[in-house]
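Visitor: Sharing a structure with you now.
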Amino acid sequence: MNSLNEVVNLFEKKLRILLENYNFLKEENEVLYNKIAVLEQQVTKEKQFNSEIEKKYQTLKIAKTIEGSKENSRNTKLKINALIREIDTCITQLSE
């Protein structure tokens, strides 16, 4: 009978340890999921920021090309022609 009590006590002790480990891991998992959510938000914000910077860069590049200089006159003409084609396409789409 004494041996049976020892086995039950040992089982209870191991079960208690397992439950403590489970609760600890559950809390740690929750913390990690929260960190993932925060990091995903940061990544989204950074992507938006990068997109805005890229648009500003492209606008500046176009402005510098249109501003023109003797060495960039060919590029300026090409850009203006591309812009005119794009505007014509937009007008065509609007008129349909």
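Taken together, the values in this text are just the output of simple stated rules run on the coordinates, not laboratory data. If you're wondering where the values come from, they're calculated on a predicted model, not measured in any experiment. Using ideal geometry, Cβ is built from the backbone for each residue, glycine included, and neighbour counts are taken over all protein chains shown.
Visitor: Quickly estimate the mean residue ellipticity at 222 nm for the chain, helices only: each DSSP H run with n ≥ 4 gives -39500 (n - 2.57), and the total goes over all residues, rounded to 500. Intermediate values should be presented prior to the final figure.
Guide: On the way: 2 runs with 89 residues, N = 96.
Estimated from H runs of four or more residues: -34500 deg cm²/dmol.
Visitor: Determine how many Å³ per residue the convex hull of the Cα atoms of the chain encloses.
Guide: Working: hull volume 16.8 nm³, N = 96.
Convex hull of Cα atoms, per residue: 175 Å³.
Visitor: With the chain treated as a Gaussian network of Cα nodes joined by springs under 10 Å, which of ASN50, ASN21, ASN34 yields the largest mean-square fluctuation?
Guide: Greatest mean-square fluctuation among the candidates belongs to ASN21.
Visitor: Roughly speaking, what is the stretch gain from LYS56 to LEU15, that is 0.36 nm per residue apart minus the C-alpha to C-alpha distance, in nm to one decimal? Each step should come with its number before you reach the end.
Guide: Details: separation 41, 0.36 × 41 = 14.76 nm, distance 6.10 nm.
Length gained, LYS56 through LEU15: 8.7 nm.
Visitor: Right, another one. Hey, rough spin-label estimate for ARG85 and LEU25, points 7 angstrom out along Cα→Cβ, what's it come to in nanometres?
Guide: Result for the modelled spin labels: 6.1 nm.
Visitor: Let's see if you can work this out: charge +1 on each Lys and Arg Cβ, -1 on each Asp and Glu Cβ, no other charges. What is the dipole magnitude of the range 2-95 about its Cα centre, in debye to the nearest 20? Display every interim value, and only then the final one.
Guide: Values: 16 positive and 14 negative charges, 159 e Å.
The dipole magnitude comes to about 760 debye.
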